[in-house]
Amino acid sequence: MLLRYLFLSMLVLAALFPAGCENKRVETPSLEDLEMAGVLGFDKSPQDRIKVTISVPQPTKGGFKKDKIYTAKGILTHEAFYKISAMSSKTVSLRQTRVILIGEELARGSGLRDILLDLYRDPQVGNNGVLAIVKGSAESILKNTAPKQNSEFLNDLLRPREETAFSPYTTLRDFIFVLTNDVSDPMIPYIEATKQSIKISKIALFKKDRLVGFMNPGEAQLVEMLRKEKRFPSITVPFNASPSRHGVILLNLMKSQVRTKVTGDLNHPVIFSRLELEAVIQDYKGKLNLESQNEIKLVEQNSEEYIRDQIRDVLKKLQSMQVDPVGFGRYARMRFGRDWPKIRQKFVSTESDAKISVKVTLRNIGTMK
C-alpha cells in the first residue's frame with residue numbers, strides 16, 4: 001500500500017514539474033556578455049516622448065575606434081533603455097556610465113527633474129556621472145563626432161582640470177542635491193562641437209530644473225571664486241592709471257579664500273562677501289615698472305577694483321534671471337531661519353543688495369623687464 005502511494009506521488013510531481021529544455025534558467029550574464037555604456041544622451045522627441053542615445057566604447061589594442069551607438073524613444077526613460085537592450089546581441093549595462101548629455105531643447109522645455117531622478121534612483125547608474133548640456137542634440141554630438149571625440153574623450157573633457165576650473169563639474173549627485181536643497185540653483189557645463197573638436201563654450205544656468213540662461217567662462221570663473229576655494233585658471237586684468245602707466249597683466253591665481261555672510265532684515269537682506277586672492281604675474285605687456293613696489297601696489301589696487309566690478313556685473317545678471325548658483329541662500333537661511341521660505345524669491349531678485357570686497361596680493365614678482 002505504501003509503495004502505491006509513493007508511486008502516485010511521483011506521478012503527480014512529474015506532471016506538475018515536467019523535465020526537459022522548456023524550463024531553462026536565465027543566468028546572470030558574464031562580463032564578456034555585457035556592453036558597458038559610457039555616455040547617456042537625452043533629447044526631446046515629439047508627442048512628449050524622450051529620445052535616449054547610448055554610446056558604448058569599443059576597446060581596441062591601439063588607436064581610437066568609434067563608439068557603438070544605440071538610439072530609442074519612449075514615454076519613460078527606462079522604457080527606452082529596454083528597447084535599446086533588445087537591439088543588442090549582448091546585455092547593455094549602465095553601471096559604467098561616466099557622462100550624461102542633455103539636449104538644449106529638452107533642458108529648456110520639460111526640464112530635467114524627472115529624467116535625472118529616474119537615473120538617481122536606478123541602482124545600476126552611478127551618481128558620479130558628470131552632466132553636460134549640448135548645443136543641438138545629444139544624439140548628433142554622439143553620432144557625428146570623430147573617433148577621437150568618443151566617450152573617453154567626453155569623460156576627460158568634463159572632469160576637473162585647472163585649465164577649465166571655471167566649470168562647475170556637476171555630477172548627477174550634485175544636481176539632485178542642489179535641486180532639492182532650496183538654497184541655491186544648479187549650473188551645468190554647456191558643450192558644443194566645432195570643426196576641430198568639442199569644447200566647453202559656456203555654463204548653463206537653471207532655475208530649479210529648467211535652463212534659463214548662460215554665463216561665459218569669465219563670468220563662470222568669478223562665480224566659482226565666490227562658491228569655493230580652489231585653484232583657478234589665469235585671469236587677464238587691464239591696467240590704465242594714466243597715458244604713461246597702462247598695460248595688460250595676466251595673473252596666475254595661486255590661492256583663493258572667500259568669506260560670506262548675510263545681514264539685514266526680511267524686507268532688505270544684504271549680502272557681504274570678501275574674496276582674497278594670491279597671485280603671481282604670469283605675463284605682462286605695457287608701460288609699468290614692475291620692479292617698483294609702488295607700481296606693484298598700484299597693480300594690486302587696480303586688480304582689486306577690476307575683479308570687484310566684474311563680480312558686481314555678474315551678480316546683477318544673475319539677479320535679473322532670479323537665480324542663485326553661488327549659494328548665497330544657505331547664508332540667508334542661517335540668518336533668517338524658518339522665515340527663509342518667505343523671502344527666497346525676494347532674495348534672488350534685484351531686491352537684495354550685494355556688497356563685494358576683493359583683496360589681491362602679488363607674490364614672487366621677479367624680473368619683468
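For the stretch 83-104, the candidate set comprises residues that are among the basic types (K, R) and surrounded by 14 or more Cβ atoms within 10 Å (Cβ to Cβ); within that set, the residue that is farthest from the chain's Cα centre (by Cα) is K83. For the criterion of being of a type in the set (K, R), within 19 Å of I356 (Cα to Cα) and surrounded by 14 or more Cβ atoms within 10 Å (Cβ to Cβ), K255 passes.
Is there a residue being under 25 Å from the mean Cα position of the chain (by Cα) and either assigned to a helix (DSSP H, G or I) or free of Cβ contacts under 8 Å to residues at least 24 places away in the same chain (or both) anywhere in the stretch 345-365? Working first, answer last.
Narrowing the stretch 345-365 to residues under 25 Å from the mean Cα position of the chain (by Cα): 345, 347-349.
Next, only the ones that are either assigned to a helix (DSSP H, G or I) or free of Cβ contacts under 8 Å to residues at least 24 places away in the same chain (or both) stay: 345, 347.
Yes, that holds for at least one residue.
Every test in (1) in a strand (DSSP E or B); (2) touching a Leu at 6+ places or on another chain (Cβ under 7 Å) is passed by E276 save one, and that test is (2). Within the stretch 134-144, one or more residues are small (G, A, S), within 16 Å of the chain's Cα centre (by Cα), part of a helix (DSSP H, G or I) and not assigned by TED's automatic domain parsing to the domain that holds V258. Within the stretch 88-110, the set of residues being under 12 Å from V56 (Cβ atoms) and among the hydrophobic types (A, V, I, L, M, F, W, C) comprises V92, L94.
The set of residues in the stretch 81-108 being at pLDDT 90 or above and either more than 19 Å from L34 (Cβ to Cβ) or among the polar types (S, T, N, Q) (or both) consists of T97, I100, L101, I102, G103, E104, E105, L106, A107, R108.
Only one entry in A80, A72, A107 is in the same structural domain as L154 (by TED's automatic domain parsing), crowded, with 17+ Cβ neighbours inside 10 Å and in a strand (DSSP E or B), namely A72.
Residue-by-condition table, conditions (1) among the hydrophobic types (A, V, I, L, M, F, W, C); (2) in contact (Cβ under 8 Å) with a residue 40 or more places away in the chain; (3) on the phi < 0 side of the Ramachandran plot:
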position: K73; (1), (2), (3): no, no, yes
position: E79; (1), (2), (3): no, no, yes
position: I84; (1), (2), (3): yes, no, yes
position: K90; (1), (2), (3): no, yes, yes
position: G129; (1), (2), (3): no, yes, yes
position: S137; (1), (2), (3): no, yes, yes
position: N150; (1), (2), (3): no, yes, yes
position: P168; (1), (2), (3): no, yes, yes
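A single member of D324, D309 is closer than 30 Å to L211 by Cβ and either in a loop (DSSP other than H, G, I, E, B) or among the polar types (S, T, N, Q) (or both), and it is D324.
In this structure, is N155 under 15 Å from the mean Cα position of the chain (by Cα) and in a loop (DSSP other than H, G, I, E, B)? Give the derivation first.
Working: under 15 Å from the mean Cα position of the chain (by Cα): yes; in a loop (DSSP other than H, G, I, E, B): no.
No: the conditions fail for N155.
Looking at the stretch 167-253, the strands (runs of 3 or more DSSP E) lying wholly inside it that each contain 2 or more residues that are out of contact with any Ser or Thr (no Cβ under 8 Å at 6 or more places or on another chain) sit at 198-207, 210-215, 235-242.
Each residue in the stretch 332-359 was checked for being crowded, with 20+ Cβ neighbours inside 10 Å and hydroxyl-bearing (S, T, Y), and 1 pass. Within the stretch 283-295, one or more residues are part of a helix (DSSP H, G or I), touching a residue at least 40 places away in the same chain (Cβ under 8 Å), more than 26 Å from the chain's Cα centre (by Cα) and more than 30 Å from S352 (Cβ to Cβ).
Out of all the residues in the stretch 114-121, is one or more farther than 21 Å from D43 by Cβ and either of a type outside the set (A, V, I, L, M, F, W, C) or not in a loop (DSSP other than H, G, I, E, B) (or both)? Scanning the stretch 114-121, I find at least one residue that is farther than 21 Å from D43 by Cβ and either of a type outside the set (A, V, I, L, M, F, W, C) or not in a loop (DSSP other than H, G, I, E, B) (or both), so the answer is yes.
The values are calculated or read from the model by the stated rules, or taken from the named source; none is laboratory data. These figures come from a predicted structure and were not determined experimentally. Glycine also receives a Cβ, built like all others from the backbone with ideal geometry; neighbour counts cover every protein chain displayed.
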